[in-house]
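Report on one structure; see the data block that follows.
The values are calculated or read from the model by the stated rules, or taken from the named source; none is laboratory data. As the structure is a prediction and not an experimental result, all values here were calculated from the model. All Cβ positions, glycine included, derive from the backbone under ideal geometry; neighbour counts span all protein chains shown.
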Ligand code: TXA
Ligand code: MG
């Protein structure tokens, strides 16, 4: 490890021990972190990102042992998932211990736990004797940040420190799975595919549908949304209907006469996920009136990408 990294990690650790909020890199998206066991520190997170209090936070741990200190009951399925996929883009919902303040879980008796795989954040967690509550580091409802620059643009003047870990390698938020019942249930599609999970624990229920009173507000109809209108469907038809003042977010095809970002020239869904949010931000910031976009193949990470595109396009 370079000494440069050591000193920025130490700086982040000091601020977090003081109860401050710090942006941290993860493999999925950047998080806005604070001491998960300190209710005042956690309150800061909600205020910084204008997040409604009914929306619970994910608690990030540095080890499976730390997860065990936060939950009464780690089911066999949950333990298999931890052993297989942690550190990684999987959040596991379990019953919580009293030590976690109510504000973290919005009063629920369950908590979402995740061990992220970014090396800087794993080092940071190893230096702290508490876990980190962290939502994505964006204003509530907007596109999640996949670089330190994204965080700085929107929250830079509201937080004391951003731990810069480069661009996020997965690019969409973690998959959330509820393991408190006999049959595990996916609450949010994300950076770990359903197929990979089912290989390890067998069939799961998928409950990642939109609702207006959601169990996971990542499930709100409109979320991860650009400011301008995003229209989703067949690009040729949308071009026909909406004229030329548009930019195009395509999966692999190029549109030479238009402002166009392709998610993956080679049709790789991992690359597409990695590029998705940065592309949405770029097109949101350009001069065209609308964004038109298309679905990607609906398997593997494609399901999470399509979920985010749908929510970005939702008109309430
Ligand atoms: O990849 C990620 O998960 C990123 C990085 C920073 O770890 N975090 C993230 O957090 O996406 P956030 O707050 O933007 O989304 C967390 C989602 C929320 O929609 C919340 O409702 C759900 O997790 N959640 C948290 N605790 C829960 C619980 N106990 N039961 C059900 N859903 C929960
Ligand atoms: Mg979020």
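Beta carbons closer than 7 Å, at least 6 apart along the sequence or on distinct chains, pair a first residue in the range 59-83 that is in contact (Cβ under 8 Å) with a residue 24 or more places away in the chain with a second that is surrounded by fewer than 19 Cβ atoms within 10 Å (Cβ to Cβ) and in a loop (DSSP other than H, G, I, E, B) for 70/97; 70/99; 71/97; 72/97. Considered as a group, the residues in the range 116-140 that are under 16 Å from the mean Cα position of the chain (by Cα) and more than 10 Å from ligand 1 (Cβ to nearest atom) include one that is nearest to residue 6 (Cα to Cα), and that residue is 117. Among the listed residues 26, 84, 14, which satisfies the condition of being surrounded by fewer than 18 Cβ atoms within 10 Å (Cβ to Cβ) and within 22 Å of residue 197 (Cβ to Cβ)? One residue alone meets the criteria, 84.
Take residue 114 and tell me if it is in the same structural domain as residue 100 (by TED's automatic domain parsing) and under 18 Å from residue 41 (Cα atoms). No: the conditions fail for residue 114.
Residues checked against (1) outside any loop (DSSP other than H, G, I, E, B); (2) under 16 Å from residue 45 (Cβ atoms); (3) touching a residue at least 60 places away in the same chain (Cβ under 8 Å); (4) outside the structural domain of residue 78 (by TED's automatic domain parsing):
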{"residue": "146", "(1), (2), (3), (4)": "no, no, yes, no"}
{"residue": "153", "(1), (2), (3), (4)": "yes, no, no, no"}
{"residue": "167", "(1), (2), (3), (4)": "no, no, yes, no"}
{"residue": "171", "(1), (2), (3), (4)": "no, no, yes, no"}
{"residue": "176", "(1), (2), (3), (4)": "yes, no, yes, no"}
{"residue": "182", "(1), (2), (3), (4)": "no, no, no, no"}
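Kindly evaluate residue 92 against the criterion of being farther than 22 Å from residue 202 by Cβ and touching a residue at least 60 places away in the same chain (Cβ under 8 Å). No, not satisfied. Yes or no: residue 121 away from ligand 2 (no atom under 16 Å from the Cβ) and surrounded by 23 or more Cβ atoms within 10 Å (Cβ to Cβ)? The answer is yes for residue 121.
Of all residues assigned to the range 150-170, at least one qualifies as being near ligand 1 (Cβ under 10 Å from one of its atoms) and out of contact with any strand residue (DSSP E or B) (no Cβ under 8 Å at 6 or more places or on another chain).
Looking at the range 172-195, which of the residues that are more than 10 Å from ligand 1 (Cβ to nearest atom) and out of contact with any strand residue (DSSP E or B) (no Cβ under 9 Å at 6 or more places or on another chain) is modelled with the highest pLDDT? Per the criteria, the residue is 195.
Restricting the range 140-150 to residues that are within 10 Å of ligand 2 (Cβ to nearest atom) and in contact with a helix residue (DSSP H, G or I) (Cβ under 8 Å, 6 or more places away or on another chain), which is modelled with the lowest pLDDT? Break it down stepwise before answering.
Step one: filter the range 140-150 for residues within 10 Å of ligand 2 (Cβ to nearest atom), giving 140-145.
Next, from what is left, pick out any that are in contact with a helix residue (DSSP H, G or I) (Cβ under 8 Å, 6 or more places away or on another chain): 142-145.
Details: 142: 91, 143: 95, 144: 97, 145: 98.
Across the range 140-150, the extreme among qualifying residues is 142.
Does residue 84 satisfy being in contact with a helix residue (DSSP H, G or I) (Cβ under 8 Å, 6 or more places away or on another chain), at pLDDT 95 or above and on the phi < 0 side of the Ramachandran plot? Working first, answer last.
Numbers: in contact with a helix residue (DSSP H, G or I) (Cβ under 8 Å, 6 or more places away or on another chain): yes; at pLDDT 95 or above: yes; on the phi < 0 side of the Ramachandran plot: yes.
Yes.
Scanning the range 151-169 for residues that are surrounded by 24 or more Cβ atoms within 10 Å (Cβ to Cβ) and within 15 Å of ligand 2 (Cβ to nearest atom) turns up 151, 168.
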